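Accompanying notes for the structure given below.
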Amino acid sequence: MAGLDILLQNVANGVLMGGVYALIGIGLTLVFGVMRTINFAHGDFVVLGMYSAVLFNALLGWDPYLSLLLAMPIGFFAGVVVERFILSRVVDAPPESALLATLGISLIIGNAILLTFGGEPRSVQVSYASSTFSIAGVNVSMVLLLAGIATVIMIAALYALLNRTEIGRAIRGTAENRLGAELVGIDTRRIHSIVFGLGVMLAVMAGVTLIPLLFATPTNTGAVFTLKAFVVTVLGGLGNVGAAIAGGILLGVVEVLGASYFMSEYREAYGLIAFLLILLFRPEGLFGRTVKRV
Amino acid sequence: MIKHLIGLGVLLAVGIAYPAIFPNNLTIAISVLLFAGWATSWDLLGGWNGQVSLGHASFVGLGAYFVAIGQSQFGLAPWWTMAMAAAFAAVLGYFWGQLTFSLRGPYFSLSTIAVAEILRLVAINEEWLTGGATGVFIATLPEPFGIDLFSRTAQFYMALAFAAMVIAIVIAISRGRFGYQLRAVREDEDSAMASGIDPTATKLKAFMLSAALTSIGGGIYGIVLAFIEPHVIFALLLSVQIALTAIIGGRGTIWGPAVGALVLVGAGEMFRTTFAEANMLIYGILILVVVLFLPRGIVGELARRHIRRLYAKRAQG
Amino acid sequence: MPNVLRADGITVKFGGVTAVNNVSLSLGSGEILGLIGPNGAGKTTLFNAVTGFAPMHSGRITLLDKDITTLPAFKRTRLGFGRTFQTERPFEELTVLENVLVAAFLTAGRRSEAERLAMGVLEQVGLADRAHQPALDLNLARRRRLELAKALAVKPKVIFLDEIMAGLNPPALREMIAFVRSLSAQGLAVLMVEHIMEAIIELSDHVIVLASGEKIAEGTPHQVTSDERVIEAYLGTD
Ligand SMILES: Nc1ncnc2c1ncn2[C@@H]1O[C@H](COP(=O)(O)OP(=O)(O)O)[C@@H](O)[C@H]1O
Ligand SMILES: [Mg+2]
């Protein structure tokens, strides 16, 4: 009886945490799917989102969710600028160049935040930070639930954008075959800018929803989130938005269950081990279509 | 070839005289030399062989931990533990490579981050061996020929010997069969196979050598630090620093990584007061400059221009 | 004539598509075997399967009576295969000489020895004056010759030439035909894919015709060029 309760509680925590991981992963996978670029700065954009919430809270007293109204468009715009001025110049260079460019952007963001805000951890106090409520004997954290709801809304919006709009069709076309898309008159450069903007916007949003839960620090958190995003997307299949959701939830559950039933010190390692195993034996991801090993 | 040997001679001559001329600037010089050695070792795999690792801090950490634990728990002298670390790093590189070389490009880089992170977690959590998150302290060291290994001068000469040794190895390799095998595999694995080269074996050898050399520098670093903390020595940032030093200086060139170390550590020192601990900002800016404007790195672009000029002259005359 | 190379029942499938279906061939030293067929017939794929660059579904390959069916490509090279790639694949960051050095190091232990071998081959193919030029800068005709030099520098017993004459102008074509003939005169077994019938007719001792992965005819150049099925295969497609 008790065992089952604990299992349910663990799975619930894992799924909710996984929702946040999914939100972080979607942006990375969207960018990879369309641009074939692995964005090493993704986690730093998440951290940028956290600090934007900190900033709006300090200056205007806003709740993090309110600051999304400003943070998301700014994030989108920042992404477009980065794509236009940096990444678009390396699309045709060897794939490593884009990876190195994003690594550079990552270092610049992290250290610029460090210079601006200093190194001590920052957070935003919200009244609901530690409130929980229980459903059928399972305790649910308010913050995680809100993040989960935000994830669901965002995914629905993204789904609608990709499947119901003209731009969405162009994005999917570019992802499938850039040359082909260009032949039918799609401006793939513009699509790349939009997609990178969306990716950064998603990262920023994940950061904002996380700030009531986690402290933001300038340089280390970014790398942690980038790694989490990699794990999520590789679990699901790089470039596959739907699978990133499943990958996020899977990572959340694997971490929580691994930590409660095996060695809790290795909580972080379980996801990494799963990540390595999948890279090695199913590089297309658990849910991806079979792709040729490149 | 002659040019490179002269370069090596100049490095050694300047190095030997350095502590007498700049006795107060030894720590930064040690930093330059260690990074030169690490980046050159990294380059055997990342530049000459084209497999970009973002996990080389693992080998630095391995060397440092071997020296520190060997000394503090078993009373083993650092030269024995460095040799053991190099052997262990080569074995680790062998299995690591076996696992990950079936992956290409960014997937390989990603997998190296994951393996390095797992090693870091092991170092933090296996307290009985590593001292856990607090780390290990080197309290005593042997005094070979009466040399105090805790003195900065002795450490400087160790770092100099390390950097010079690695560069000498690369010079020797670059002109021989192995050097061409490395480059052929980097350029085109199928075409390399058509020349009778086993790509996997080549990459494994490069990885093992690169890992072993890096760990020797790690052992020296352990002595320099005297206090080894897992979050410092196994940091992803250190792995990134090593890779970027080589790439900014010029991948697959003999002097590129060393020049990169000089430029980056030097710039870091110059802006130390401006940027304080945010000095990785320089790495970020320079890697963008290199990717956008100097894709072969500093030395790579210079060498390229030199070759073009020679060629243009020959075509005219 | 003793067989240097024998391939029996080679079948290659990509997913559901059979690119090469149950094709056999054999080749003696000094012999030139021509392989022709319309685009997409499976000629390159057959080359790749025999040289170890494409996974085979079934079939058996022997080189000098040694079974090499399961050996990886680089081991087949070491046993005596040299090959060119239809779209040339030089090591672009290396110079012309260094490209050939890579191959020369297969048999030469020392740098000086490898360099002598590589320069010799470059002279043979007429690229010696380009030895120190970056491979990236070569024009098409010279890239072809470099491809050939790389294949020769491994000192092969059998050489596989995949459309090395396509796109050459008439004088370059004449040179290349003479060159291939000189290779067979030295005792090399030559397997060549070629669209240029002039070269096939002049050079081949024996010709195999592929269409849609099947061997539809074989014989002397004269026999196959007058074969109904062959003419149909060529006219029937494109
Ligand atoms: N790697 C591959 N994957 C899938 N199909 C392939 C591959 N390589 C070749 N094919 C297919 O096999 C067939 C034969 O191609 P190929 O051997 O290149 O023909 P040829 O050299 O005679 O022009 C073609 O239909 C081609 O599309
Ligand atoms: Mg072909």
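The values are calculated or read from the model by the stated rules, or taken from the named source; none is laboratory data. If you're wondering where the values come from, they're calculated on a predicted model, not measured in any experiment. With ideal geometry, Cβ positions are generated from the backbone for all residues, glycine too; neighbour counts draw on all protein chains shown. Protein only, heavy atoms only, side chains kept; ligands, DNA and RNA dropped before computing areas. Shrake-Rupley method; radii C 1.70, N 1.55, O 1.52, S 1.80 Å.
Here is the figure for the stretch C:29-56: residues that are surrounded by fewer than 16 Cβ atoms within 10 Å (Cβ to Cβ) and either more than 16 Å from ligand 2 (Cβ to nearest atom) or within 14 Å of chain B (Cβ to nearest Cβ) (or both) total 1. A single member of A:S88, A:S141, A:S131 is among the small types (G, A, S) and in contact with a strand residue (DSSP E or B) (Cβ under 6 Å, 6 or more places away or on another chain), and it is A:S141.
Right, A:G185: small (G, A, S) and not in a helix (DSSP H, G or I) or not?
yes
Among the residues of the stretch B:182-207, those identified as more than 7 Å from chain C (Cβ to nearest Cβ) and of a type in the set (S, T, N, Q) are B:T200, B:T202. For the stretch C:88-107, the condition holds for at least one residue, the condition being that it is open to solvent by less than 10 Å² (accessible area, probe 1.4 Å), more than 8 Å from chain B (Cβ to nearest Cβ), over 21 Å from C:N139 (Cβ atoms) and not hydroxyl-bearing (S, T, Y).
The residues of the stretch C:150-168 that are under 20 Å from C:A41 (Cα atoms) and within 13 Å of chain B (Cβ to nearest Cβ), listed by number, are C:F160, C:L161, C:D162. Among the numbered conditions (1) at pLDDT 90 or above; (2) open to solvent by 20 Å² or more (accessible area, probe 1.4 Å), the only one that A:F196 does not meet is (2). Within the stretch B:85-104, the residues that satisfy the criterion of being in contact with a Phe, Trp or Tyr (Cβ under 6 Å, 6 or more places away or on another chain) and modelled with pLDDT of 95 or more are B:A85, B:A89. Restricting the stretch B:241-266 to residues that are open to solvent by 10 Å² or more (accessible area, probe 1.4 Å) and assigned to a helix (DSSP H, G or I), the residue that is nearest to B:R304 (Cα to Cα) is B:V259. C:M165 - would you say it is of a type in the set (A, V, I, L, M, F, W, C), open to solvent by 10 Å² or more (accessible area, probe 1.4 Å) and either under 26 Å from B:I173 (Cβ atoms) or within 16 Å of ligand 2 (Cβ to nearest atom) (or both)? Considered against the rule, which asks whether it is of a type in the set (A, V, I, L, M, F, W, C), open to solvent by 10 Å² or more (accessible area, probe 1.4 Å) and either under 26 Å from B:I173 (Cβ atoms) or within 16 Å of ligand 2 (Cβ to nearest atom) (or both), C:M165 comes out as no.
Once the stretch C:2-28 is narrowed to residues that are among the aliphatic types (A, V, I, L, M) and farther than 26 Å from C:L183 by Cα, the residue that is surrounded by the fewest Cβ atoms within 10 Å (Cβ to Cβ) is C:V17. Among the residues making up the stretch B:284-314, those that are crowded, with 17+ Cβ neighbours inside 10 Å and more than 17 Å from B:G47 (Cβ to Cβ) are B:G284, B:L288. Apart from one condition, A:T209 fits all of (1) within 14 Å of chain B (Cβ to nearest Cβ); (2) among the hydroxyl-bearing types (S, T, Y); (3) under 18 Å from the mean Cα position of the chain (by Cα); the exception is (1). The residues of the stretch A:250-272 that are within 7 Å of chain B (Cβ to nearest Cβ) and either at pLDDT 75 or above or farther than 18 Å from A:L227 by Cβ (or both), listed by number, are A:A269, A:L272.
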